Structures are given as C-alpha cells and as structure tokens.
Amino acid sequence: MLTLYASRLRFDVDCAWRASREALRAVFAPCSRPLLAPTERVAITVDDLLQVSCNGEAVAEAAGPGDLLPVLEHLFYRELLARSAPALALHAAALVAPTGEPTLLLGASGAGKSTLARALLRAGWDYLGDDLAFVEGAQLWGLPRAIQFNPIALDETPAPLLAGCDLRTCIYHAADGRTLALPLAPVPTERLAAGPAPVSGLRLVLVEPSDPLAPDALAGAGAELRSCAPLEALAALHLATLTPLAERAIDLASLIRPGRSQRLVWRDPAVAAALLSPPALPRS
C-alpha cells in the first residue's frame, strides 16, 4: 500500500504492479507526509489485470504495464482538482524565498516554471510545488511532487538542464508507441516547506523563456526582470486558474499586491534565480 497526501486529500494506492507503484512513489515522494490535515480519503486499486478502481468504482484499464503510470497520474490529478473546492487551484509553481516571501511563477506549459523552481531551490528557497498551487483564505500551498520535466525518448540525449535528474524510474509507453522516460529532480527534504505560506506579501512572476531569434534577446544577459502592470498579472492569473468560475471563492484581483507583479524573461536559470532572490530588485 502506498499512501500519499495532496492538499486535503489522503490517497491510498493498492497497486499489484511493483514498477508502477515505485514510479508513482518517486513522482510524489515529497507527498509522503501531510502538509494539511486530510479531510477526505481516496482509495485507488490496480488489480492483476491492470483494471483501475477509485473508491470501489472501475474507472480505467491500462493496455499494458508500461501504460499504467500515465493512467494513475491522470486519476490522481482528476480527483485532486475535483475535490479542491473551496480552494482556488492554479497552474503555477509556488515557492517561498529565504526572507519568507511567497512567490507564484505563472506561465504556459514549457515556459520554464519547473526549471526555475529547481534553480530557486539551489538558491535556498523553500518548495511548495512546481506545477499546481492552491489558495484559500490567507493561505497558499502546492502539490510538492518531485520536480518534473517533459518526457524524453530513451534513445534521446538529455539536455544539460536535466543533469542530475532521475531518468530510470519512470518509464512508460506513449500513444505513438515510443518508450519515454519522465525526468524527475528530487526535492531535498530540507527544502520542503513545513506548511502553507501566508498569502500576504504574495509576489507574482510571469515567466517566459527568451526567444533566441529575437533581435534583442536579453542583449547577452541570462535573464531580465521587470515590473508588469496589474492587468497583465490579472490576465496571467485567469489563464492559470483551473477552478471553474462558478466555484471560485476568491476574487483573482485580491491576489495582486501593489508593486508585487513582475515579468521574467530568462535563458539561464541560475541568473534568473539570482535576479528573483533577495535583495535583487527589478528595473522599472
């Protein structure tokens, strides 16, 4: 039995397939302890025939052992988001600066939130999550999974940014028939936030990678940090919000603090982390 804690849920996973169970354990290793007191239990069972049940109801069937991990991950996120109310769910990375300042990294998939989260951990920040964050009342928390990057083919040479990642534990089959590895960067225990962060003083950072073909691609710098207008920050929050409008208990504008919204264009994650870390200040 594998027990995981995410937001206010306790997941008990009874999986007969050891490799998939261990892969799930690696993906959600930091979720072995509760960040918040669980209020609901979700029981997931996988039998010898690869049939997947959730709370006693059959919900899916994997085509083969190599297809099981994506099925379990999808079910995990489906249940987490379906039961997240009244919290606001955001597609964002959430970290806490050494000064205690909570920060949300907002950006589309591929913008570099996970890469920057890993760089910020190395700079001494505390980790709430690299992909999913929750806000309720005066509290901010995340899904503290292992930092996860886009899958790569087994015969593909890993990019330099993946140095030190686990490329062996999470192996699965893609829909196109390729066998893929899911790169995971473990989060040091000492960098895991002990609990939710206060929303007061929240900093919003809109993240986008530098376009190397742009004529002014950072003018040779590794990253650039500038202030952004509140309306830009509000638009980014709208795009990041996963909670349906009818279920939102929070006005997104209430998360925007004067002078606390910034835009980060980056090429070098270490330079970007240095710009984001105190006492660095953005240029107006």
TODO: Could you work out how far apart the two model spin labels at residue 18 and residue 249 are, taking each label as a point 7 Å from the Cα in the direction of the beta carbon, and quote it in nm?
DONE: 4.4 nm
Open item on the list: As a test, work out the antiparallel percent of DSSP beta bridges whose residues both lie in region 1-145, rounded to the nearest 5.
Closed with: 80 percent
TODO: Please determine, in degrees from 0 to 90 and to the nearest 10, the orientation of helix 18-27 with respect to the longest principal axis defined by the Cα atoms of the chain, where the helix direction is its Cα long axis.
DONE: 20 degrees
- [ ] Could you point to the residue in 35, 71, 153 farthest towards the positive end of the chain's charge dipole, with +1 and -1 charges on the Cβ of Lys/Arg and Asp/Glu respectively?
- [x] 35
Open item on the list: I'd like the orientation of helix 230-240 relative to the chain: the angle between its Cα long axis and the longest Cα principal axis, in ° from 0 to 90, rounded to 10.
Closed with: 10 degrees
Task: Stretch gain in nm, segment residue 150-residue 74, where the contour uses 0.36 nm per residue and the Cα spacing is subtracted - done: 25.8 nm
Open item on the list: Antiparallel versus total DSSP beta bridges in the chain: what percent is that, nearest 5?
Closed with: 70 percent
TODO: Kindly work out what percent of the DSSP beta bridges joining two residues of region 1-61 are antiparallel, to the nearest 5.
DONE: 65 percent
Task: Förster-model FRET efficiency, 25 Å R0, residue 32 and residue 61, C-beta, rounded to 0.05 - done: 0.35
- [ ] Mind sorting out which of [x] 18.5; [y] 19.7; [z] 25.6 is the real Kirkwood radius over Cα pairs in Å computed from the coordinates?
- [x] [y]
Task: Cα→Cβ-extended label distance, 7 Å offset, between residue 268 and residue 175, nm - done: 3.9 nm
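Coordinate-derived values only; no laboratory data. Since this is a predicted model, take the numbers as computed values, not measurements. Here the Cβ is made from the backbone with ideal geometry for all residues, glycine too, and neighbour counts use every protein chain on show.
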